[in-house]
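**Q** The structure's right below; bear with me while I get my questions together.
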Amino acid sequence: MVPIKEAISSGAWLHCEYQGYNDLIKFRLKVNSFRKLNLKEIDNPEEIKGYDSNSVIWIFEIEVINLTKNALNAMYGPNKLNLVDADGFCFPIFRDDHLTYLSNFSNKAGLRRFFGLIDLLPKIKAVGCITFQLPDDDDTEYFISLADNGIVQEV
């Protein structure tokens with residue numbers, strides 16, 4: 001696992017890898033920013049489903065390069081990312097149709113890029129954002145991890 005703050009400050013590319021159903025899934029990840037999302041930025045925020053008002057949505061701006069031999073659906077690449085806090089609690093990507101696909105904000109912010117409808121072609125950098133719903137605690141340090149016992153390490 002790699003601390004988010006360290007990944008942003010170093011500007012380093014991270015190697016991500018996990019065993020998919022048939023193939024080893026590999027991609028590179030660069031974290032450009034990680035910030036709280038102000039719901040006022042989103043058109044019709046009341047349309048967001050599954051949002052707990054005691055939490056905060058964070059937006060994670062990333063660059064991804066697919067290192068598998070064939071096109072990779074984003075659901076099997078960056079959407080497998082998790083955030084883990086220092087206590088070991090794991091937070092998956094927050095997916096919501098309105099927030100990440102239907103809102104005007106989703107297009108402006110780059111959330112549509114990794115929504116899962118558009119493939120990641122091999123060796124071509126894709127830039128976009130993903131979101132996480134996290135506890136309302138600004139002091140928590142988060143680490144980047146992968147679902148399915150994947151690895152994330154600095155290149």
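The values are calculated or read from the model by the stated rules, or taken from the named source; none is laboratory data. Since the model is a prediction, treat every value here as computed from it, not as a measurement. Note that each Cβ is placed from the backbone with ideal geometry, even for glycine, and that neighbours are counted across all protein chains shown.
**Q** If I go through region 17-34 residue by residue, how many of them are modelled with pLDDT of 95 or more and either farther than 29 Å from S103 by Cβ or in contact with a Ser or Thr (Cβ under 6 Å, 6 or more places away or on another chain) (or both)? Even if it seems obvious, please write down each step before you answer.
**A** First, pick out the residues of region 17-34 that are modelled with pLDDT of 95 or more: 17, 26-34.
Imposing the further condition that a residue be either farther than 29 Å from S103 by Cβ or in contact with a Ser or Thr (Cβ under 6 Å, 6 or more places away or on another chain) (or both) reduces the set to 17, 26.
Going through region 17-34 one residue at a time, the tally reaches 2.
**Q** Looking only at region 35-77, how many residues end up being charged (D, E, K, R) and touching a Ser or Thr at 6+ places or on another chain (Cβ under 7 Å)? Spell out how you get there, then give the answer.
**A** Filtering region 35-77 for residues charged (D, E, K, R) gives 35-36, 40-41, 43, 46-47, 49, 52, 61, 63, 69.
Within this subset, residues satisfying the condition of being touching a Ser or Thr at 6+ places or on another chain (Cβ under 7 Å) are 43, 61.
Residues in region 35-77 being charged (D, E, K, R) and touching a Ser or Thr at 6+ places or on another chain (Cβ under 7 Å): 2 in total.
**Q** Considering only region 83-133, state which residues are over 15 Å from K36 (Cα atoms), buried (at least 19 other Cβ atoms within 10 Å of the Cβ) and in contact (Cβ under 8 Å) with a residue 60 or more places away in the chain.
**A** Correct list: S103, L120, A126, G128.
**Q** Looking only at region 22-34, which residues are touching a helix residue (DSSP H, G or I) at 6+ places or on another chain (Cβ under 9 Å) and either in a helix (DSSP H, G or I) or not β-branched (V, I, T) (or both)?
**A** F27, L29, K30, N32, S33, F34
**Q** Could you figure out which of (1) in contact with a Lys or Arg (Cβ under 8 Å, 6 or more places away or on another chain); (2) closer than 22 Å to F105 by Cα; (3) among the hydroxyl-bearing types (S, T, Y) isn't true of Y51?
**A** Of (1) in contact with a Lys or Arg (Cβ under 8 Å, 6 or more places away or on another chain); (2) closer than 22 Å to F105 by Cα; (3) among the hydroxyl-bearing types (S, T, Y), only one is false for Y51: (1).
**Q** Considering every residue within region 9-16, establish whether at least one is of a type in the set (A, V, I, L, M, F, W, C), under 15 Å from S103 (Cβ atoms), under 17 Å from the mean Cα position of the chain (by Cα) and part of a loop (DSSP other than H, G, I, E, B). Can you show your working first?
**A** Residues of region 9-16 of a type in the set (A, V, I, L, M, F, W, C): 12-14, 16.
Imposing the further condition that a residue be under 15 Å from S103 (Cβ atoms) reduces the set to none.
No.
**Q** Could I ask something else about it? Name every residue in region 59-93 that is under 16 Å from D137 (Cβ atoms) and within 10 Å of the chain's Cα centre (by Cα), in order of residue number.
**A** L83
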